[in-house]
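For reference, the structure discussed in these notes is given below.
Read-outs: derived from the displayed coordinates by stated rules, not from any lab. Here the structure is a predicted model, which is why all the values come from computation and not from measurement. Every residue, glycine as well, gets a Cβ built from its backbone with ideal geometry; the counts of neighbours run over all protein chains shown.
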Amino acid sequence: MNLTVYTREGSDAGRTVTLDESVFGIEPSDHAIWLDVRAAQAHARQGTHKTKERGEVRGSTRKLYRQKGTGNARVGDAKSPIRVGGGTTFGPRPHAYSVGVNRKTKQLARRSALTYKAQQDGLRVVENFALDAPKTSEVAKLLANHDLAERKVLLLTGEQDNVLYRSGRNIPKLTVKPAATASTLDLMSAHVVLLQESALDALSAALGKQTPTEAQPEAAAAE
């Protein structure tokens with residue numbers, strides 16, 4: 001699949017790029033996407049919920065009244081769970097919500113998400129650019145030139161670009177990330193993925209299939 005390369009002003013740059021079929025042209029796996037998105041959302045949960053149990057509530061341990069003969073229900077001390085202000089029975093305790101997903105499944109999920117974006121015209125390639133200093137208006141102008149000001153956009157760069165990140169962090173519907181660190185959740189949440197040309201190379205390097213010559217150094221290192 002070929003995509004047109006656009007300039008920052010939104011015009012045709014006069015050239016196209018060929019997408020890596022091993023990254024943008026696979027058979028998508030909905031289950032892999034679900035597993036990876038679930039893991040990302042679970043990892044974002046703090047898990048710090050806690051209620052006080054019987055041993056943590058302030059109060060006396062004296063039995064409030066005798067066991068029988070009062071006509072009331074049997075009750076122990078003021079910290080009993082059946083009394084107002086008492087401890088909670090089987091209340092929530094802090095724990096992690098992390099879900100494990102293996103590396104190959106994560107890669108398959110990201111490839112599937114990128115393939116869906118390519119099939120649904122959710123990818124746009126823009127020529128490489130850099131800003132001299134953080135300036136939100138420049139990034140806002142870029143989005144306006146591409147008719148993306150009102151859409152949720154994920155802007156992927158080839159490498160970490162702190163200036164560009166600081167320029168776009170105040171734009172509500174924009175996320176700026178290096179291509180290698182974009183998760184499946186980031187890709188699926190965006191309406192449009194705006195890629196710099198260098199981001200395509202980064203995605204191919206991170207998710208593309210290795211050639212035999214590329215695999216030889218790893219094999220030699222393992223020996």
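Quick one: go through the stretch 1-36 and flag any residue whose amide nitrogen is under 13 Å from the point 7 Å out along the Cα-to-Cβ line of K141.
Only 8-10 fall inside the zone, counting backbone N under 13 Å.
Near L185, within a Cβ-to-Cβ distance under 12 Å, what is the net charge of the other residues, with Lys and Arg +1 and Asp and Glu -1?
+2
Report relative contact order for the stretch 81-185 in percent, whole number only (criteria: Cα-Cα under 8 Å, sequence separation at least 6).
On the way: 74 pairs, mean separation 25.1, N = 105.
For the stretch 81-185, the relative contact order is 24 percent.
Applying a 10 Å radius around every beta-carbon, put 177-183, 85-91, 27-33 in order of their mean neighbour count, most first.
Going by the mean number of other Cβ atoms within 10 Å, highest first, we get 177-183, 27-33, 85-91.
Using 0.36 nm times the number of residues separating S98 and Y65, minus their current alpha carbon distance, what extension gain do you get?
Length difference between fully extended and current span is 7.2 nm.
What is the local net charge at G55, summed over the other residues whose Cβ is closer than 14 Å to its Cβ (Lys, Arg +1; Asp, Glu -1)?
+3
Just tell me which aspartates and glutamates come within less than 14 Å, Cα to Cα, of K173; anything on the same chain fewer than 8 places away is out.
Cα-Cα hits under 14 Å: D147, E150, D186.
Quick one: what are the phi-derived ³J(HN,Hα) couplings along the stretch 115-122, Karplus 6.51/-1.76/1.60 with θ = phi - 60°, whole Hz, x for glycine and proline?
For the stretch 115-122, the Karplus-derived couplings read 5, 4, 5, 5, 5, 9, 6, x Hz, x marking Gly and Pro.
Expected output is a single nm value to one decimal: the length gained when fully extending between T88 and N170, i.e. 0.36 nm times separation in residues minus the C-alpha distance. What is it?
Working: separation 82, 0.36 × 82 = 29.52 nm, distance 4.27 nm.
Stretched out fully, the T88 to N170 stretch lengthens by 25.3 nm.
Rank by packing, highest mean first: peptides 119-125, 61-67, with packing defined as the count of other Cβ atoms within 10 Å averaged across residues.
119-125, 61-67
Please turn the phi angles of the stretch 35-46 into ³J(HN,Hα) values with the Karplus equation 6.51 cos²θ - 1.76 cosθ + 1.60 (θ = phi - 60°), one per residue in order, whole Hz, x for glycine and proline.
Working through the residues one at a time gives 4, 6, 5, 4, 5, 5, 5, 5, 5, 6, 6, 6 Hz.
Taking 0.36 nm per residue of sequence separation and subtracting the Cα-Cα distance, how much length would be gained by fully extending the chain between A206 and S189, in nm to one decimal? Spell out each step's value before the answer.
Values: separation 17, 0.36 × 17 = 6.12 nm, distance 2.05 nm.
Between A206 and S189, full extension yields an extra 4.1 nm.
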